[in-house]
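Take a look at the structure set out below.
The values are calculated or read from the model by the stated rules, or taken from the named source; none is laboratory data. All values derive from a computational prediction rather than experimental measurement. All Cβ positions, glycine included, derive from the backbone under ideal geometry; neighbour counts span all protein chains shown. What goes into the accessible areas is simple: the full protein's heavy atoms, side chains included, and nothing from ligands, DNA or RNA. Shrake-Rupley method; radii C 1.70, N 1.55, O 1.52, S 1.80 Å.
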Amino acid sequence: MRLSIPRASSDRRPMTENRTENNTYEAVVVGGGAAGLSAALVLGRARRRALVVDAGEPRNTPSPHMHGYLSRDGMSPAEFLAIGREEIARYGVELVRDRVVDATRDGDFSVVLASGRTVRARQLVIATGLKDELPDVPGLAERFGRDVVHCPYCHGWEARDLPTGVLATSPLSVHQALMVTQWSKDVRFFLHELSESALTDDDLRRLAAAGVTVVPGKVTGLVVADDRLTGVRLSDGTVHDREVLYAAPRAVPNNHLLVRLGAELRETPFGAYPVIDERGLTTVPGLWAAGNASGFAEQVINAASRGYRAGAAINGELLMTDLDSVRV
């Protein structure tokens, strides 16, 4: 038997318009990044009535390319998301450019959008990600995603063998400095506001073994020439020639909806994230978390996987709930 696969052009409707007066959905997904779109794709293919509410603020906007996603390595984040939106449209999933400002639960979920629209959902997916708060160093934010980066798995190959700096933002930055040596053997670890006494004997031993130069002193600025990072300036006026700088931002989870709905959170060194099971279900029935809304270390490919898992689990939950309501 030959399966008929619908093409993108066969059932495409405007994604930014309210196409129906029926504001009741089987699932609403808050967030249109990799996790949210992946959940929506699974739900659409399962013939579920689903809505994605996307505020259009993906975390990886500053980066010109994403890496480590098999078959999509080097693609721009914007192109990746555009393709994802086209794919969910094939299966009748709606997408609106809007922001969720409130949500309550009274059996089902009532979701209020900034536009004033209120929608109802039997299941709700929170895929709102997180925000990166960058260290307060003049010029750093303007270079972020270019030659100021945060993740060697995302940017290490492109920055391989370059004179590299790592800006300490916490004791965890020691681990980052050690990891970066896999991509460059010329690494300087700028302690910035971290005192030398904060480094343990194991830290010092490993940094020495890896050939990392520890540089005390506060970083007060970057040196840029011809739109390229060329150095890191310290408070004493000295400049260290560097062409790439790793700086770990402070993660701020967008968890206000989870808090509003009463989901239990767990504290981590990277913020408060929901307690979830292996499928992404929170402690609130029908409330799911995926992508960076569920944890700090979700790269794009991991976020998509989380979204897929949540979408499949939601379909199963809806199916079993409906079957159990039938009297035979």
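For region 236-316, take the convex hull of the Cα atoms, compute a quarter of its surface area, and give me that in nm², please.
7.8 nm²
Can you work out the Karplus-derived ³J(HN,Hα) for every residue in region 243-255? Use 6.51 cos²θ - 1.76 cosθ + 1.60 with θ = phi - 60°, whole Hz, and x for glycine or proline.
In residue order, the calculated couplings are 10, 8, 10, 8, 9, 6, x, 8, 7, 10, x, 7, 10 Hz.
Through the Karplus equation 6.51 cos²θ - 1.76 cosθ + 1.60, θ set to phi - 60°, convert the phi angles of region 296-302 into ³J(HN,Hα) values in whole Hz; use x for Gly and Pro.
Here the 3J(HN,Hα) series is 6, 8, 9, 5, 4, 5, 5 Hz.
Treat every Asp and Glu Cβ in the chain as -1 and every Lys and Arg Cβ as +1, leave all other atoms uncharged, and give the resulting dipole magnitude about the Cα centre to the nearest 20 debye.
Computed about the Cα centre, the dipole is about 1120 debye.
Run the numbers for ARG327 and ASP106: contour at 0.36 nm per residue of separation, minus the present Cα-Cα distance, in nm. Show your work: numbers first, answer last.
On the way: separation 221, 0.36 × 221 = 79.56 nm, distance 2.42 nm.
Using 0.36 nm per residue and subtracting the Cα-Cα distance, I get 77.1 nm.
Taking amide H positions as placed in the peptide plane 1.01 Å from N, state which residues far from VAL244 in sequence (5 or more) or on other chains have amide H under 5 Å from it.
GLY165
Using amide H atoms built in the peptide plane, which far-off residues or other-chain residues are under 5 Å from VAL275 H to H?
Amide H neighbours of VAL275, under 5 Å, 5+ apart: GLU264, LEU265, ARG266, THR283.
For region 66-76, in order, what is each residue's ³J(HN,Hα) by Karplus, 6.51 cos²θ - 1.76 cosθ + 1.60 with θ = phi - 60°, in whole Hz (x at glycine and Pro)?
10, 9, x, 9, 3, 6, 10, 4, x, 6, 6
Between TYR153 and VAL259, how high is the FRET efficiency from 1/(1 + (r/R0)^6) when r is the Cβ-Cβ distance and R₀ = 30 Å? Nearest 0.05.
Approximately 0.50, to the nearest 0.05.
Where does each of TYR25, TYR69, TYR308 land when they are ordered by accessible area, with a 1.4 Å probe and the largest first?
On the way: TYR25 5, TYR69 50, TYR308 135 Å².
Greatest to least solvent exposure: TYR308, TYR69, TYR25.
Tell me the mean residue ellipticity at 222 nm calculated for the chain from its helices only (DSSP H runs of n ≥ 4, each -39500 (n - 2.57), averaged over every residue, nearest 500).
My calculation for the chain gives -7500 deg cm²/dmol from helical runs alone.
If we sort 72-82, 121-131 on the protection proxy, mean other Cβ atoms within 10 Å, highest first, what's the order? Spell out each step's value before the answer.
Values: 72-82: 15.3, 121-131: 25.7.
Listed from highest to lowest mean packing, they are 121-131, 72-82.
Would you pull out the residues with amide H under 5 Å of VAL52's amide H, same chain only if 5 or more places away, H placed 1.01 Å from N?
VAL29, GLU94, LEU95, VAL96
Please list, by residue number, every one of the trypsin sites (Lys or Arg not before Pro) in region 245-328 that is coil in DSSP and has at most 11 other beta-carbon atoms within 10 Å.
Those that pass, being in a loop and sparsely packed, are ARG327.
Just need the relative contact order of region 46-149 here, percent rounded to a whole number, with Cα pairs under 8 Å and 6+ apart.
On the way: 109 pairs, mean separation 27.2, N = 104.
Worked out over region 46-149, it gives 26 percent.
Along the principal axes of its C-alpha atoms, what lengths does region 33-144 span, in descending order and rounded to whole Å?
Principal-axis extents of region 33-144 (Cα, largest first): 48, 34, 20 Å.
Could you tell me which of rounded, prolate or oblate describes region 288-328, using a ≥ b ≥ c as the square roots of the eigenvalues of the alpha-carbon gyration tensor, with rounded for a/c under 1.5 and, failing that, prolate when a/b is larger than b/c and oblate otherwise?
prolate
Taking 51 Å as R0, compute the FRET efficiency from the Cβ-Cβ separation of SER195 and THR283 and round it to 0.05.
The formula returns an efficiency of 0.85 here.
When Cα extents along the principal axes in Å is calculated directly from the model, which label among (1) 76, 42, 40; (2) 54, 46, 38; (3) 46, 46, 40 fits?
After the calculation, the listed value that fits is (1).
Once the Cβ-Cβ distance between LEU204 and GLU267 is put in as r, and R0 is 25 Å, what FRET efficiency do you end up with, to the nearest 0.05?
Once rounded, the FRET efficiency stands at 0.30.
Shape verdict for region 190-256, please, from the Cα gyration tensor: rounded (a/c under 1.5), prolate (a/b greater than b/c) or oblate.
Oblate shape, in that a/c is at least 1.5 and b/c is the bigger or equal ratio.
In degrees, nearest 10, range 0 to 90: what is the angle between the Cα axis of helix 77-90 and the longest Cα principal axis of the chain?
10 degrees
For the chain, what does the relative contact order come out to in percent, with C-alpha contacts under 8 Å and a separation of six or more? Before the final figure, lay out the partial values.
Values: 672 pairs, mean separation 67.7, N = 328.
In percent, rounded to a whole number, it is 21.
Just to be sure I understand the model, the point goes 7 Å from the Cα along the line to the Cβ. What's the resulting VAL223 to MET320 distance in nm?
6.3 nm
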